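Below is one structure, written out as structure tokens; the observations come after it.
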Amino acid sequence: MCGAGALPARVAREAKRRGFRIVAFAFGETPGLDGAVDRLVPSSVADIAAVLTGLRAERVSAAVFCGRLAAQELLQARGDAAGEAIVARGGGGLSDAGLLQGVLGTLTDLGIEVLDQRPFYGDWITRAGPLGGRDATAAEEVDVARGFRIARRLAESGVGQTVVVRRGRAAAVEASEGTTETIRRGLGLAGPGAVVVKAVAPDNDYRFDVPSVGPETLEVMAAGGATALAIEAGRVLVLERERAVEIADRHGMAFVGVAGDRDGEA
């Protein structure tokens, strides 16, 4: 189940390597899928009934969601009976949790298992340690630890995942504006020398959502004078990893994966 962007092609190649027959239901521009899948089915959230018919016809047994495919896009399907049924199944509300519950229940009824996305991303899922040419300094590690104590609690509360810290002081925490705007705002307040931390809620559902950073994240950090980016190892996706690492190295930023327990200690 493919949203827009480069991720679907990467997932398809890994799924093919694992021996899956791949039918891609594409809900956006998905470069690189030609030749990487057995069948490409252009799809629309405005016609969910056609998607369900296609899933049955192809005898799909497992699904992976990837790319920019927000649950809220189902709102565009208002008036489509199948889309309305999914919304109703999730309690009739418009929350992400309700919509995802409706999607999961519908696919389960079709005998389709929704899989964790992470095994299909290869080394774009981070490991612990430096990803680029330099590790965090001792001073940066202090701010990283402070950032994780805050970010993990934010994530657990469903508020946000990203924190900007400089010399022990939190300059910005993420809410509805997203990672990039949080970083831009935080660096505008903190000035050069700040670090950026991204954490993930312990109950994050990786079937539908894999938190990510990428080249845009690093470019915004470089423009604002940030010196380090720390993300949770094994839990955050690095989009276009080679390019992202190159940007970090070019600007002398530390880029690290951090393993830690769930009580906030990095």
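A short reminder: the numbers here are calculations on the coordinates, not readings from a lab. It should be emphasised that the depicted structure is a prediction, and the values quoted were computed from it without experimental measurement. Positions of Cβ are generated from backbone atoms using ideal geometry, with glycine treated the same way; all protein chains shown enter the neighbour counts.
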_Given points 7 Å out from each Cα along the Cα-Cβ axis, report the Arg153 to Arg167 separation in nanometres with one decimal._
2.3 nm
*Only helices at least 18 Å long along their axis, Cα-based, and averaging -0.5 or more on Kyte-Doolittle count here, so list those DSSP H runs from the chain.*
96-109, 138-156
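For each of Leu7, Leu110, Leu55, Leu154, count neighbouring Cβ atoms within 10 Å of the residue's Cβ, then give the residues from fewest to most. Walk me through the numbers before you get to the answer.
Values: Leu7 26, Leu110 13, Leu55 21, Leu154 18.
Ranking Leu7, Leu110, Leu55, Leu154 by Cβ neighbours within 10 Å, fewest first, gives Leu110, Leu154, Leu55, Leu7.
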*Using alpha-carbon positions, what is the distance between the centroids of the range 192-248 and the range 17-40, in Å?*
26 Å
*Sorted from fewest to most neighbouring beta carbons within 10 Å, what does the list Cys66, Cys2 look like?*
Cys66, Cys2
